[in-house]
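Read through the structure below, which is laid out as structure tokens, and then see the notes.
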Amino acid sequence: MPATSFHTELPMASYPHLFAPIAAGPFTLPNRIIMGSMHTGLEGERDAVARIAAFYAARARGGTALIVTGGYGPNRAGRMTPHPAYIGSREDAMALKPVADAVHAEGGRILLQLLHSGRYGYHDEIVAPSAVKSPINKGVPRALSAAEVVQTIEDYAAAAAYAREAGFDGVEIMGSEGYLISQFLALRTNQRADEWGGAFENRLRFPVEVVKRVRARLGRDALLMYRVSALELVDGGLSLGEIRRVAAAVEAAGADILNTGIGWHEAQIPTITQAVPRAGYAWAAGLVKPAVKIPVVASNRINAPETAEAIIASGEADMVSLARALLADEAFAAKARNGDRAGINICIACNQACLDHYFTFKPATCLVNPRALREVEFAAVPAKAKKRIAVIGGGLAGMAAAATAAERGHAVTLYEAADALGGQFNLAKRIPGKQEFAESVAYFAERMRRAGVTVKLGARAEASVLKAAGIEHAIVASGIAPRALTIPGADHPKVVSYVDLLAGRKPAGPRVAIIGGGGVGFDVALYLLERASKTHLDPAAFAAHWGIDPGNEGSGGLRKNEHADAPPHRITMLKRSPGPFGRTLGKTTGWVHRIALQRAGVRFLDGVAYRSIDDRGLHIARADGGEECIAADTIVVCAGQEPLRALDEGVLAGLGIGCTYVGGAKVAAELDAKRAIEDGVRIGIAL
Ligand code: SF4
């Protein structure tokens with residue numbers, strides 16, 4: 001779908017607060033939408049500069065008022081990974097000039113983020129205020145000497161000046177999320193006895209000196225944004241009173257905008273996953289706001305224009321920082337301004353293709369928008385020859401294929417055997433926290449409608465029907481069939497498939513055994529344990545559940561958490577393979593699910609052999625060699641799936657019809673929406 005031009009005259013804003021211009025430092029920004037910094041995994045890759053430039057240029061063309069790059073260290077020790085993603089020289093910055101130029105060519109503005117990783121770096125030269133190891137890193141950092149602290153401040157200033165020379169409109173200084181500046185501010189990581197440690201005013205000296213020196217080198221015609229930690233979520237983190245002092249001090253030192261960040265990376269509380277309600281942390285920005293006069297930015301889980309509008313209208317913040325939301329849709333701002341809410345591809349907070357990629361050393365992209373960060377590779381050009389295409393299956397893979405092919409000019413008919421579009425996403429959206437999946441179904445359905453795809457629901461496509469309709473190519477996206485259990489008693493009435501359970505066709509009794517420890521097994525457990533919970537929807541319930549102090553008064557903003565008295569089901573989760581549960585879950589999200597299940601007292605049994613099922617329950621052989629009957633009223637089978645191929649490519653070939661399998665119909669080893677949607681888009685572009 002072509003992005004709406006930011007430069008055309010647009011109708012009256014549908015979100016008046018979001019689209020009110022705002023003065024920030026030397027500039028007046030046209031709206032309140034900032035693209036927050038996100039690691040792309042391409043920082044420091046010199047041969048990826050054109051790719052990064054195309055990525056940010058698309059977001060500028062899509063109406064984003066201000067873009068912030070991924071983080072660059074102000075020196076070598078401050079880089080995030082072994083990649084040389086730091087600005088140690090003029091040459092380092094000038095290599096990024098095409099990025100700034102590309103954004104300016106689209107009428108946008110861009111800041112380079114200076115992020116010193118401190119003890120969070122994934123390399124062997126990490127430094128910190130004190131030699132205190134992070135719980136999420138392998139290495140112990142080396143404590144900076146006093147002279148090195150001063151040099152580090154100078155490195156920030158020099159890097160900012162180089163960024164300015166390279167055409168950036170200014171810099172953002174990353175002062176949150178537990179990176180070096182947070183490490184200087186908090187007693188948990190700063191045990192120094194010199195003028196950079198001890199009393200709070202000493203610990204505050206480092207960020208203040210950084211901002212002062214950066215401002216001095218930038219001059220007044222550049223923008224300086226500082227990202228303050230609005231809520232730390234770790235023991236020994238700052239309290240609201242201290243955070244407000246930081247905010248006021250960096251404003252006095254020269255910051256033009258105060259962005260906010262939530263939680264250190266080592267926090268044991270979710271900050272951006274699907275467990276977090278939309279705008280679940282905007283209140284934390286609101287608590288900092290009275291401390292300053294400069295614009296304050298709210299962040300985390302702001303993925304829809306109405307959410308952003310409500311934050312600004314409430315006065316909690318002056319601007320919003322959207323990162324993943326703009327990965328999902330480059331034209332978010334322009335569409336919102338046009339009142340085209342239905343045309344926005346909403347980020348579903350899955351982290352699967354963005355942060356999970358970054359933290360496994362792969363370039364980021366987006367599950368619902370595989371084009372993100374691959375704008376050149378995925379450029380959809382009009383089809384040279386218009387074809388008649390059938391898509392078999394109305395899940396996400398099929399819808400993505402149909403929409404993409406139709407937008408390129410092909411005549412597309414989609415056949416879906418069920419009476420609704422959405423496939424596995426229609427089940428997934430019933431899982432607590434996955435309600436966002438409904439947005440993706442609605443979005444791809446809308447794209448198909450606009451592109452003129454003919455949709456036939458409740459329709460099974462026979463090869464002969466396709467032949468009679470003159471179809472030249474069939475995209476078979478008919479998904480998967482759950483793998484059946486083959487042990488004695490598998491047909492017992494207490495055995496249900498996850499599909500029937502999640503669809504609400506079969507209930508679960510109080511004692512449940514879940515066969516299968518993959519993503520589907522976790523989904524089923526979460527569905528059973530949390531479906532009556534509001535913690536994924538209501539920020540107050542979320543804060544109470546996770547032990548967050550809504551007044552942020554004590555150290556780190558933590559307090560005792562509140563849980564439901566007794567979980568509604570007693571669950572045993574089993575798997576054949578030996579080893580920990582949840583290994584296939586996302587790196588940045590799996591821990592949240594594991595904590596939820598552990599808190600609910602779920603029993604985990606790995607390395608088991610399934611023997612039989614009878615009225616007593618599920619009989620197994622345990623890994624230790626013992627035999628056991630798991631007493632269960634309901635046994636949910638999540639034991640994998642097989643490809644469901646509604647049409648055979650051999651039969652189609654005999655009729656002269658081309659065939660491509662996509663998504664689960666191609667490979668069903670793990671349910672993988674990321675691959676399914678990418679498959680769909682790729683074939684939609686290729687035909
Ligand atoms: Fe959002 Fe998931 Fe896309 Fe990341 S991969 S931007 S979380 S939809």
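The values are calculated or read from the model by the stated rules, or taken from the named source; none is laboratory data. Since this is a predicted model, take the numbers as computed values, not measurements. Here the Cβ positions follow ideal geometry from the backbone for every residue, glycine too, while neighbour counts run over all protein chains shown.
Table for the structure above
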| item | result |
| --- | --- |
| Residues (closer than 20 Å to Gly654 by Cα and assigned to a helix (DSSP H, G or I)) located in the range 458-515 | Ala463, Ser464, Val465, Leu466, Lys467, Ala468 |
| Test: residue in the range 316-328 that is within 16 Å of the ligand (Cβ to nearest atom), modelled with pLDDT under 95 and surrounded by fewer than 24 Cβ atoms within 10 Å (Cβ to Cβ) | no |
| Among the candidates Ala390, Ala402, Ala379, residue that is more than 12 Å from the ligand (Cβ to nearest atom), in contact with a strand residue (DSSP E or B) (Cβ under 7 Å, 6 or more places away or on another chain) and over 25 Å from Ala428 (Cβ atoms) | Ala390 |
| Matching entry among Val276, Val292, Val368, Val297 (being away from the ligand (no atom under 12 Å from the Cβ), out of contact with any Asp or Glu (no Cβ under 6 Å at 6 or more places or on another chain) and among the aliphatic types (A, V, I, L, M)) | Val297 |
| Output for the range 588-609, where each listed residue is hydrophobic (A, V, I, L, M, F, W, C), touching a strand residue (DSSP E or B) at 6+ places or on another chain (Cβ under 9 Å) and closer than 21 Å to Ala532 by Cβ | Leu597, Ala600, Val602 |
| Any hit, the range 330-348, residues being within 15 Å of the ligand (Cβ to nearest atom), more than 13 Å from the chain's Cα centre (by Cα) and acidic (Asp, Glu) | yes |
| Single residue of the range 368-396 satisfying the filter (closer than 10 Å to Phe444 by Cβ and among the hydrophobic types (A, V, I, L, M, F, W, C)) that is surrounded by the fewest Cβ atoms within 10 Å (Cβ to Cβ) | Val368 |
| Pick from the range 193-225, criterion in contact with a helix residue (DSSP H, G or I) (Cβ under 8 Å, 6 or more places away or on another chain), of a type in the set (D, E, K, R) and over 19 Å from Ala248 (Cα atoms), ranking: surrounded by the fewest Cβ atoms within 10 Å (Cβ to Cβ) | Asp194 |
| Residues being more than 19 Å from Thr152 (Cβ to Cβ) and over 24 Å from the mean Cα position of the chain (by Cα) - total across the range 78-100 | 7 |
| Residue within the range 346-355 that is in contact with a helix residue (DSSP H, G or I) (Cβ under 9 Å, 6 or more places away or on another chain) and within 18 Å of Ile22 (Cβ to Cβ) present | no |
| Residue in the range 17-38 that is over 20 Å from Cys347 (Cα atoms) and charged (D, E, K, R) present | no |
| Test: residue in the range 68-79 that is assigned to a loop (DSSP other than H, G, I, E, B), over 22 Å from Ile312 (Cβ atoms) and not charged (D, E, K, R) | yes |
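The rows are residues; the columns are (1) aliphatic (A, V, I, L, M); (2) within 27 Å of Arg90 (Cβ to Cβ); (3) part of a helix (DSSP H, G or I).
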residue	(1), (2), (3)
Tyr122	no, yes, no
Ser134	no, no, no
Gly139	no, no, no
Glu148	no, yes, yes
Gln151	no, yes, yes
Glu154	no, yes, yes
Ala160	yes, yes, yes
